[in-house]
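The values are calculated or read from the model by the stated rules, or taken from the named source; none is laboratory data. Predicted model only: the values in this text are computed from it and were never measured. No Cβ is skipped: glycine too gets one built from the backbone with ideal geometry, and neighbour counts run over all protein chains shown.
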Amino acid sequence: MLKHTPLFAAHQALGAKLIDFGGWEMPVHYTSIMDEHLAVRNAAGIFDISHMGEVTVSGAAARPFLNSVLTNDILKLESGTGQYTLMCNERGGVIDDLYIFQLSIEVYFLIVNASRTQADVEWLWARAAAFAGGDDLRLTDASHQYAAVAVQGPRVAEFMDSCIPGIACSGKRVSRITDLRKNEIAGFPFGKANVMASRTGYTGEDGFEIVGRDESIRQMWDVILTAGRPFGIKPCGLGARDTLRTEACYPLYGHELDENTTPIEAGVGAFVALGKAEFTGRAVLAEQKANGPARKCVAFKMAEKSPPPRPHYPMLIEGAKVGEVTSGTQSPSLGIGIGMGYVPSASARPGATIGIEIRGKVFPATVVAKPIYRSAKDPVRTTK
Amino acid sequence: MMREQGRGALRSNGAAFEVQIWRFSFSGLCGFLWDFIMNNVPAELKYAKSHEWVRVSGDVATIGISDHAQHELTDVVFVELPEKGRKVKAGEASAVVESVKTASDVYSPLSGEIVETNPAVVANPALVNTEPYAGGWFFKIRFADPAELSALLDAQQYRAQIGG
């Protein structure tokens, strides 16, 4: 039996094509991936991301504990701000990549991958049991309590103040939601309840992610679709979410990231703070950062007309297989095949030629700088 | 035709779901029109269960994929056609059609020799979406066994299969 988000009925009413996504019955598209992708690049789109996991960690020991299991430095956070970070095992392999928000100095809110929620919580429990830095630590898998939507696109800021009209009641004390800056989060009254909104996303465009109780998010979905209609908003499925994040070169767990891959190899070393106190995986990550990893995740564009690259297609250098495509698709923004995958570090420089084997034929591709596509309105690179 | 290749995170299932939902939402004439738009199944063609259509002219048959199939695929971005002169068996994977989301094999509904392929659909794969029964054809085959034609579905049977 597939799990349904609180927005399932809304997806059905919109005629969504539904797929099994890690045990969740989710929309892959409503009209087409191309339409929805371009709506987000040119105007606005709304995504159901209720399947994602939410974990709360609180108590006097929360801050030192989290900083001992996450790669980025949460001491840099102030209340109402968040950061992209990773959680690694002792070998530096990625347990999950996630967003952490500091709601107050003793309360942290983690948004994790749906498929990894259970593994994350088990890992955190095990590390918490072994943590010597204090006992005042509460750790809760709150995934069942929350639904969430992402509203993304260059025109989103033009209508979000009308959707959530109040001033912030927690987190970053802004007087309106569009005053939130990148990676900031705040609570806002919405109907009879509060929702949390952050200026974050997974598309490479400006936008917000809004988390709340089921009923709030059901209402929010309708309010945003109505307010965004004059601006060209479209409901968007996981298909467009995947093509958008691939163009933006954001890694996806299970594709670019897994327990045998480090953040340094994956190209997200900027979110590994070696200057802070000891954290799980640090020794391996420090060694790789100093000496360079043996392989790196690169982005590539197909050099000529070819079938779209897909995950698991062989990647070749001078005829020899060096790895597999981890993410690949036709780029709706560029009209060519694009992808990511791991190659030996010597070949990981922009301009290098690689081959992608597609149904027995090798097609040339060029390694390019990340991101493959950069929004005119979002020139600063962020991840997730 | 809907066998998917690759192993992306996103895999489609549930064939005619979109059509079904809309049919519950519309009624009467509106529903009828919607069926017509969504499930365009020309009466003069034959169909394979795997969603290819067949137009017979003498001993040559033109092959494409149905409107229903293109609608399930959505945006077609690449078409790969067989070599002229290739001999294929009925049910053999003979072409590939790729949408943003997935790659799918196209099976030849008949045995025989490929005598012509459609360069226009290779240059402009979107023809599969916009003109599935005209400019979006895939290849022509000189078929070896006319008896295979009678194993194909007629329009009414195909319409029943896709829930139209």
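A few remarks follow.
- The set of residues in the range A:87-119 being under 14 Å from the mean Cα position of the chain (by Cα) and among the charged types (D, E, K, R) consists of A:Asp96, A:Asp97, A:Arg116.
- Residues located in the range A:310-347, provided they are more than 19 Å from A:His255 (Cβ to Cβ), within 11 Å of another protein chain (Cβ to nearest Cβ) and not β-branched (Val, Ile, Thr): A:Gly335
- Contact map, the range A:139-161: residues that are over 21 Å from A:Ala126 (Cβ atoms) paired with residues that are modelled with pLDDT under 95 and buried (at least 18 other Cβ atoms within 10 Å of the Cβ), Cβ distance under 9 Å, separation 6+ or inter-chain. Pairs shown: A:Pro154/A:Ser375; A:Pro154/A:Asp378.
- Scan of the range A:296-309 for residues that are away from chain B (no Cβ under 14 Å) and under 17 Å from A:His255 (Cα atoms), ordered by number: A:Lys296, A:Cys297, A:Val298, A:Ala299, A:Phe300
- Exclusive hit being charged (D, E, K, R), closer than 22 Å to A:Ile167 by Cβ and surrounded by fewer than 18 Cβ atoms within 10 Å (Cβ to Cβ), set A:Arg181, A:Arg199, A:Arg229: A:Arg181
- Yes/no for A:Asp222 being modelled with pLDDT of 95 or more, within 25 Å of A:Ala13 (Cα to Cα) and out of contact with any Asp or Glu (no Cβ under 8 Å at 6 or more places or on another chain): yes
- Answer residue from the range A:165-175, given it is among the small types (Gly, Ala, Ser) and assigned to a loop (DSSP other than H, G, I, E, B) and is nearest to A:Thr226 (Cα to Cα) among those: A:Gly166
- The lone criterion from (1) among the small types (Gly, Ala, Ser); (2) in a helix (DSSP H, G or I); (3) modelled with pLDDT of 95 or more left unmet by B:Ala160 is number (3).
Conditions tested, residue by residue: (1) more than 18 Å from the chain's Cα centre (by Cα); (2) more than 28 Å from A:Tyr373 (Cα to Cα); (3) at pLDDT 95 or above.
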residue: A:Gln145; (1), (2), (3): yes, yes, yes
residue: A:Gly153; (1), (2), (3): no, no, yes
residue: A:Ala168; (1), (2), (3): yes, yes, yes
residue: A:Val174; (1), (2), (3): yes, yes, yes
residue: A:Ile177; (1), (2), (3): yes, no, yes
residue: A:Arg181; (1), (2), (3): no, no, yes
residue: A:Ser198; (1), (2), (3): no, no, yes
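- The residues in the range A:256-268 that are within 14 Å of another protein chain (Cβ to nearest Cβ), crowded, with 22+ Cβ neighbours inside 10 Å and not hydrophobic (A, V, I, L, M, F, W, C) can be counted, and the count is 1.
- Among residues of the range B:82-118 being hydrophobic (A, V, I, L, M, F, W, C) and in contact with a helix residue (DSSP H, G or I) (Cβ under 6 Å, 6 or more places away or on another chain), the one that is nearest to the other protein chains (Cβ to nearest Cβ) is B:Val100.
- Only one of the listed residues (A:Leu274, A:Leu316) is free of Cβ contacts under 8 Å to residues at least 24 places away in the same chain and of a type outside the set (Lys, Arg). That residue is A:Leu274.
- So B:Phe138, is it among the aromatic types (Phe, Trp, Tyr) and either within 14 Å of chain A (Cβ to nearest Cβ) or under 12 Å from the mean Cα position of the chain (by Cα) (or both): yes
- In the range A:2-29, the residues that are in contact (Cβ under 8 Å) with a residue 40 or more places away in the chain, within 10 Å of chain B (Cβ to nearest Cβ) and surrounded by fewer than 20 Cβ atoms within 10 Å (Cβ to Cβ): A:Leu14, A:Gly22
- All conditions but one from (1) crowded, with 17+ Cβ neighbours inside 10 Å; (2) touching a Pro at 6+ places or on another chain (Cβ under 6 Å) apply to A:Gly133; the one that does not is (1).
- If you check A:Glu158, A:Glu209 for being among the acidic types (Asp, Glu) and surrounded by fewer than 17 Cβ atoms within 10 Å (Cβ to Cβ), only one passes: A:Glu158.
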